[in-house]
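Asks: Quick one: the structure is below, questions incoming.
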Amino acid sequence: MQKHANKYKEADDSELVKAAIEGDSNAFGEIVNRYRQMVARTVKGMLGDTVFAEDLGQEVFINLYNSLSGFRGEAKLSTYIQRIAVNLTLNEIKRRKRFFSMFSRTDDDEVIEYNVADDSDNEGKRDAREVVNKALMSLEPKFRIVVAMRMLQGYSTKETAEILKLPVGTVLSRLARGQEQLKNILKARRYENQ
Amino acid sequence: MKTNEVKDIIIRLMEGDEPDEGLLLKLREAGADYSFSEGFTDRVLASINKTAIVINRESEFLRSFSNVFYRIALTGIAAIIFLLISIYISQGTISFDSFLGLTDANNESIISVLTEN
């Protein structure tokens with residue numbers, strides 16, 4: 001599979017989409033390889049580094065595969081994939097919220113943390129990821145998504161607005177409020193650590 | 001990188017319209033980045049193939065089901081036409097009574113048949 005996939009390494013997104021629609025799984029495999037990290041940043045940034053996030057990541061690409069024939073190329077493929085990832089992740093968060101509310105739990109419980117074992121991590125890296133993870137999970141979902149897009153994907157305000165289909169002003173205000181919440185959360189955690 | 005440095009970078013990344021690429025890189029290098037586990041692409045492709053096989057099986061079942069239904073329906077229509085023709089030939093008319101075989105029967109004879117007298 002890998003050998004065949006190499007012929008698509010240099011191909012641009014539109015070529016890959018065309019080949020994938022025609023049923024070439026190697027072309028689709030290359031799309032997955034190209035955008036898997038981007039999807040991981042969105043999904044894991046929102047849900048935490050969990051096995052559920054891995055499953056949801058798979059679902060993102062399965063959804064993409066099923067909707068590929070409807071992709072008209074008006075937006076970039078990365079934007080299209082990002083929208084699928086964001087929508088599925090937000091749906092998952094809503095589903096969890098409903099599930100946990102049945103057991104009268106608080107909003108903070110919406111994220112179930114099952115850390116995927118990663119032996120390659122050294123302690124310092126794990127610490128940094130934990131800080132990011134905890135900071136993101138402490139935010140409300142509507143702030144978390146814009147903060148994750150900025151902090152993990154490096155998207156500008158305009159790009160975030162385009163992906164989330166929100167006005168730039170809304171993204172800006174959510175980012176500012178997210179930053180404010182983050183400051184408080186991280187400051188509190190700093191005192192906790194001392 | 002120390003935890004406090006990571007926290008400072010996180011806060012600073014939120015400033016401005018675009019994030020500072022240098023800070024973003026630093027944060028990723030510090031380990032604050034996510035990726036899927038090994039073999040993710042293969043698992044996605046396997047799921048897609050599995051789904052495609054199930055869909056193919058379902059559509060094959062539906063196709064064979066509709067073929068069988070089509071044959072049964074044709075046979076049924078042929079049987080009805082044959083019945084109507086045979087009724088017309090034997091009774092000379094096609095009516096509800098002739099369909100039930102009651103064209104020659106009058107009320108008395110029917111009553112006597114039903115009451116066995």
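Throughout, read-outs are computed from the coordinates displayed, never taken from laboratory work. Quick caveat: nothing in here was measured; it's all calculated off a predicted structure. Here the Cβ is made from the backbone with ideal geometry for all residues, glycine too, and neighbour counts use every protein chain on show.
Asks: Can you order the peptides A:33-46, B:11-24, A:170-183 by their average number of other Cβ atoms within 10 Å per residue, highest first?
Replies: With the highest mean Cβ count within 10 Å placed first, the list reads A:33-46, A:170-183, B:11-24.
Asks: Now, a different point. For B:THR51, what charge total do you get from the other residues with a beta carbon under 13 Å from its beta carbon, if Lys and Arg give +1 and Asp and Glu give -1?
Replies: +1
Asks: Relative contact order for chain B: what is it in percent, counting Cα pairs under 8 Å that are at least 6 residues apart?
Replies: Worked out over chain B, it gives 10 percent.
Asks: Explain nothing, just compute: Karplus ³J(HN,Hα) = 6.51 cos²θ - 1.76 cosθ + 1.60, θ = phi - 60°, for every residue of segment A:61-74 in order, whole Hz, x for Gly and Pro.
Replies: These are the phi-based 3J(HN,Hα) values: 6, 5, 4, 4, 4, 5, 9, 4, 5, x, 7, 9, x, 5 Hz.
Asks: So, one more: Show me the ranking of peptides B:80-87, A:22-29 by mean Cβ neighbours inside 10 Å, starting with the highest.
Replies: Ranking the peptides B:80-87, A:22-29 by packing returns A:22-29, B:80-87.
Asks: Where does chain B land on Rg(C-alpha)/(2.2 N^0.38 Å)?
Replies: Working it through for chain B, the quotient is 2.98.
Asks: Show me the helices of chain B, taken as full DSSP H stretches, that run 27 Å or more along their long axis by Cα and average -0.5 or above in Kyte-Doolittle hydropathy.
Replies: On the way: long enough: B:40-91 (76 Å, 0.83).
Those that pass (Cα extent of 27 Å or more, hydropathy at least -0.5) are B:40-91.
Asks: Could you name the lysines in cross-link range of B:LYS2, using Cα to Cα under 20 Å and dropping any fewer than eight places away on the same chain?
Replies: A:LYS125, A:LYS134, A:LYS183, A:LYS187, B:LYS26
Asks: Taking Rh as the Kirkwood radius, which is the inverse of the mean 1/r over Cα pairs, what is the Rg/Rh value for segment A:1-96?
Replies: On the way: Rg = 13.5 Å, Rh = 13.7 Å.
Ratio of gyration radius to Kirkwood radius: 0.98.
Asks: So, one more: Need the C-alpha centroid separation for segment A:139-177 versus segment A:1-77, integer Å.
Replies: Cα centroid to Cα centroid, the span is 23 Å.
Asks: Still on this structure, please answer the following. Summarise the partner chain shielding of A:65-71 as one whole number: the mean count of Cβ atoms from other chains within 10 Å of each residue's Cβ.
Replies: On the way: counts 6, 3, 0, 0, 0, 0, 0.
Per residue, the number of nearby Cβ atoms from other chains is 1 on average.
Asks: Counting partner chain Cβ atoms within 10 Å of every residue's Cβ in A:129-138, what's the average?
Replies: Per residue, the number of nearby Cβ atoms from other chains is 4 on average.
Asks: Per residue of A:182-188, what is the mean number of Cβ atoms on other protein chains within 10 angstrom of that residue's Cβ?
Replies: 3
Asks: Among A:149-159, A:83-93, A:66-76, how do they line up by average Cβ neighbours within 10 Å per residue, starting with the highest? Walk me through the intermediate numbers first.
Replies: Numbers: A:149-159: 21.2, A:83-93: 18.5, A:66-76: 11.5.
Descending mean neighbour count gives A:149-159, A:83-93, A:66-76.
Asks: I would also like to ask the following. Mean shadow of the protein assembly as shown, computed from the convex hull of its alpha carbons, in nm²?
Replies: On the way: hull surface 120.1 nm².
Approximately 30.0 nm², given one-decimal rounding.
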